[in-house]
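Written out below as structure tokens is the structure these notes cover.
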Amino acid sequence: MARAVPVLAQPAPAPPRSTAARSVDSASGGFWLGWKIESNWTDPFRFITYQIARPVGGALILVFMYYAVAGGRRGPVLGFFVVGTAFWPLVVGGVQATVRGVLEDREAYRTIRAIYTAPISYRGYLVGRSLAGIAAMGSAAVFVTLVVGRVFLGVHLTLTPSSIALTVVATAFGVGGILAVGLVSVGAAFSTSHESWSMPEAIGAALYLVCGAIFPLTVLPAALRALGAGFPLTWWLEAVRRVLLPAATPRSFPWASTGYVFAMLAVTTAGALVLAASLFAYAERRARRLGTLDKETSF
């Protein structure tokens with residue numbers, strides 16, 4: 001009589017992950033890799049110490065420049081300048097990290113083929129790299145510059161639970177604007193060659209002018225004022241200044257209420273993210289069609 005062969009129970013197949021879940025996982029992996037690259041794979045304590053010490057030098061240069069130009073005289077423009085100087089490194093770090101996420105993988109490490117063909121969201125991966133650059137290169141600079149401005153320059157900062165909460169909310173929208181700029185920059189990097197390495201600095205310098213980083217938009221010509229009003233970064237810096245600085249501080253939009261500024265910040269950020277996603281998708285498809293996505297140009 002034949003013996004019955006036991007049938008082993010097969011594990012149930014894992015349910016397919018949603019696009020959002022894959023994007024979050026990809027962003028987490030990109031953030032981890034980006035943080036390791038930005039920190040040069042050192043231990044967290046040593047890297048954090050360096051990140052605090054580095055902006056101290058920049059803040060001291062700011063102090064010396066102020067005393068050399070203004071002779072120590074304090075005015076409402078000083079707070080405008082200090083806050084813009086404190087928060088702008090977030091823009092530089094985020095945009096640079098996003099573009100380098102493509103260029104280093106393609107040109108230096110030559111791993112873009114393996115990363116791009118992996119079962120991940122490539123866009124989510126680049127978002128993670130950008131967030132790592134924001135956290136690694138800009139977060140300490142914000143804190144150090146504001147402290148130096150308050151202690152050494154006497155800038156009056158409104159630091160209450162409500163103002164800090166509103167600053168965090170505004171900065172969250174600002175990070176969305178930074179991600180949008182980074183994705184558009186990556187789309188351009190897909191189709192350019194040697195100039196891609198200098199693209200983040202060029203974009204940062206242009207936005208530095210039209211987004212009211214160190215002086216209000218009211219001093220610019222009408223065409224540049226209209227251009228700057230279309231960027232969420234402009235409304236982000238204006239919102240942060242409205243929250244942290246006194247009412248006498250110069251403003252890029254003196255006619256607008258604080259509620260209107262926050263509303264425009266939300267609207268322009270949402271619009272910029274939608275536009276950036278569309279441009280990124282178009283540039284990605286074009287690069288794949290032309291075969292330039294993994295084409296090395298600098299080595």
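A single entry from Leu237, Leu179, Leu265 fulfils the requirement of being buried (at least 16 other Cβ atoms within 10 Å of the Cβ), in contact with a Pro (Cβ under 9 Å, 6 or more places away or on another chain), in a helix (DSSP H, G or I) and in contact (Cβ under 8 Å) with a residue 24 or more places away in the chain: Leu265.
If the requirement is being free of Cβ contacts under 8 Å to residues at least 40 places away in the same chain, touching a helix residue (DSSP H, G or I) at 6+ places or on another chain (Cβ under 8 Å) and more than 29 Å from Tyr125 (Cα to Cα), which of these qualifies: Leu209, Leu159? Give the derivation first.
On the way: Leu159 fails: free of Cβ contacts under 8 Å to residues at least 40 places away in the same chain.
Step by step, each of Leu209, Leu159 is checked, and only Leu209 is free of Cβ contacts under 8 Å to residues at least 40 places away in the same chain, touching a helix residue (DSSP H, G or I) at 6+ places or on another chain (Cβ under 8 Å) and more than 29 Å from Tyr125 (Cα to Cα).
Being within 21 Å of the chain's Cα centre (by Cα), modelled with pLDDT of 95 or more and part of a helix (DSSP H, G or I) narrows it down to one residue among Leu275, Leu209; which is it? After applying the criteria, what remains is Leu275.
Provide a single number: the residues in segment 99-129 that are part of a helix (DSSP H, G or I) and in contact (Cβ under 8 Å) with a residue 24 or more places away in the chain.
First, the residues of segment 99-129 that are part of a helix (DSSP H, G or I): 99-108, 112-117, 122-129.
Narrowing further to those that are in contact (Cβ under 8 Å) with a residue 24 or more places away in the chain: 99-104, 106-108, 112-113, 116, 122-129.
The total comes to 20.
Just name the residue that is farthest from Arg241 (Cα to Cα) out of those in segment 82-96 that are buried (at least 23 other Cβ atoms within 10 Å of the Cβ) and hydrophobic (A, V, I, L, M, F, W, C). My answer is Val95. Residue selection: Ile37 fails the criterion of being part of a helix (DSSP H, G or I), within 14 Å of Ala135 (Cβ to Cβ) and either at pLDDT below 85 or of a type in the set (Phe, Trp, Tyr) (or both). In summary, Gly174 fulfils each of the numbered conditions (1) closer than 23 Å to Phe81 by Cβ; (2) modelled with pLDDT under 90 with the single exception of condition (2).
Do the conditions hold for Arg225, that is, is it more than 18 Å from Leu90 (Cβ to Cβ), of a type in the set (D, E, K, R) and part of a loop (DSSP other than H, G, I, E, B)?
On the way: more than 18 Å from Leu90 (Cβ to Cβ): yes; of a type in the set (D, E, K, R): yes; part of a loop (DSSP other than H, G, I, E, B): no.
No, not satisfied.
The values are calculated or read from the model by the stated rules, or taken from the named source; none is laboratory data. Being a predicted model, the structure only gives us computed values, none of them experimental. A quick note on method: Cβ atoms are made from the backbone with ideal geometry, for glycine too, and the neighbour counts reach across all protein chains shown.
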